[in-house]
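Participant: Take this structure, written in structure tokens, and hold onto it; I'll ask about it next.
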Amino acid sequence: MIRKAVLVLSLSLIWVSGCTTTEERQRANGNYEYVEKEQQEPFKVPEGVDKPEVKSDYEIPEIGSNAPRDLVGPKVTVISPSLVLPLVTGSHVEEGLKEATVWFDQIDDSQPLDTTIWNSLLSFLEERDIGVVSFDKEQQKLITDWMIIEENEGESWFTWTKTERSVGKRFEFSLQLKPHGRTAKLTTTLRDYLETVGEKVIADINPELARRNEVEILNQVISHYEKQVRMTDIQRIRQIRSGYAMEMGTNSKGEPAYIVDGEYDVVWPRLLLVLRKLGFNVKDLDKSNGLLFVNYGGQESSWWKGWFSKDDTQLKLDKTDYRIQTKKLGSKTVVTLLNNESVALDLNKVTEIYPEFAKVMASDNLDI
């Protein structure tokens, strides 16, 4: 009989605790006697006695005139605050802002920063089957369709009832681009909210919960952006390490040059690997002008190297300073070899070293 009573009491407690709502679980469940406490008088020191040193480390600051004074007791949430997580390289947050906002700096010059951000956001929405009600690129604003979340509360092994809960949200994303175009601020605002719990309908939420929803969706967008950047970097590294065909040709001045069958933005870092493999030391570079300042020292050799393989990558070049000029040519890249006075090497010399240059340029998996 005692065992039955204990079992019934235990199941009753479990059932009661299992019926708490999401909002109730975000509130403190202890007593709130502190709201009835009165301010204590400061410690009085008799005259003629030294006052003890009092530190203000734990003093509670005065609240502002516009602060909500009724947020006490069960009205205060006890969950941790929502924080925007700037996971993307070049992203950061601004301290003290109430809005769900993140700043992005441009790290890829292949397209405008605002285009990159909007493309990532649209990709995020499409991946999650979330519609777009309106998108105005000129006004830099996007409004999503309803995001519907269905869940069952109290659906555990120890409960005999469950509550159907459905939440619908619509968000507005706005982008503010700085005049120089290399920094942008993305802000998320909860535009509409509709929650149904059983037969109860909730159309309004407090500002604190609204911001929590805004930060949550913004962090998901940032995480998607970071994932895309990471995948792009991996793909770019693979492209750089892949071999590219090269042929003899001429530059725009009619001087002898190499024509590499690859985009300039990929061939440029690829060329650095090729030069190192061929025995060049890059002393300085200027990507904006496509100019490399190098010194040819030849391949490093050791007394045992020739035992295992033949070194066939040595170039017939004087060990001195050179310059290499690169230019974009449609989907290809022109590479011109120059001496230290910016004079193009003659056709015979360019042709003589071409086979080794082309061989290394076409090889895969060069070390980065």
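Participant: Name the residue, out of S65, S123, S80, whose mean-square fluctuation peaks in a Gaussian network model built on the chain with Cα pairs under 10 Å.
Facilitator: In this elastic network of the chain, the residue with the biggest mean-square fluctuation among S65, S123, S80 is S65.
Participant: So, one more: Note the listed values [x] 19, 32, 26, 18, 5, 0; [y] 23, 46, 27, 4, 0; [z] 24, 44, 22, 10, 1, then indicate which one is P(r) over Cα pairs in 20 Å bins from 0, in percent calculated from this particular structure.
Facilitator: [x]
Participant: Let me ask you something else. Roughly what angle does helix 2-18 make with the longest principal axis of the chain, taking Cα atoms, 0 to 90 degrees, to the nearest 10?
Facilitator: 60 degrees
Participant: While we're looking at this one, here's another question. On a 31 Å Cα-Cα criterion, which of the cross-link pairs K185/K287; K51/K75; K98/K178; K185/K283; K185/K332; K253/K316 come out too long?
Facilitator: Checking Cα-Cα distances, K51/K75; K185/K283; K185/K332 exceed 31 Å.
Participant: If I ignore ligands, DNA and RNA and count only protein heavy atoms, how much of T189 is accessible to a 1.4 Å probe, in Å² to the nearest 10?
Facilitator: Roll a 1.4 Å probe over it and T189 shows about 60 Å².
Participant: In nm, give the distance between the simple-model label positions of S363 and T183, each being 7 Å from the Cα along the Cα-to-Cβ direction.
Facilitator: 4.4 nm
Participant: Next up: Roughly how tilted is helix 347-362, in degrees to the nearest 10 and between 0 and 90, from the longest Cα axis of the chain?
Facilitator: The answer is roughly 30 degrees.
Participant: Also: Share of the chain's accessible area from carbon and sulfur, percent, 1.4 Å?
Facilitator: It is 52 percent, rounded to a whole number.
Participant: Still on this structure, I have one more. Just to be sure I understand the model, the point goes 7 Å from the Cα along the line to the Cβ. What's the resulting S134 to E53 distance in nm?
Facilitator: 6.3 nm
Participant: Next question, about the same structure. Using a Förster radius of 35 Å, what is the FRET efficiency between V343 and D108 based on their Cβ-Cβ separation? Nearest 0.05, please.
Facilitator: 0.50
Participant: Angle, helix 113-127 long axis vs. longest principal axis of the chain, Cα atoms, 0 to 90°, nearest 10?
Facilitator: In the chain, helix 113-127 runs at an angle near 60 degrees to the longest axis.
Participant: With a 1.4 Å probe and every protein chain left in place, tell me how much accessible area I130 has, in Å² to the nearest 10.
Facilitator: The value for I130 is about 30 Å².
Participant: Taking the chain as a Gaussian network, Cα atoms linked when under 10 Å apart, which of Q220, Q40, Q325 shows the biggest mean-square fluctuation?
Facilitator: It is Q40.
Participant: Taking the alpha-carbon centroid of each part, what is the distance from the stretch 223-250 to the stretch 46-65 in angstrom?
Facilitator: What the calculation gives is 62 Å, centre to centre.
The values are calculated or read from the model by the stated rules, or taken from the named source; none is laboratory data. Small disclaimer: the values here were computed from a predicted structure and weren't measured. Quick reminder, even Gly has a Cβ in these numbers, built from the backbone with ideal geometry, and neighbours come from all protein chains shown. Keep in mind that these areas ignore ligands, DNA and RNA; they rest on the heavy atoms of the full protein, side chains included. Shrake-Rupley method; radii C 1.70, N 1.55, O 1.52, S 1.80 Å.
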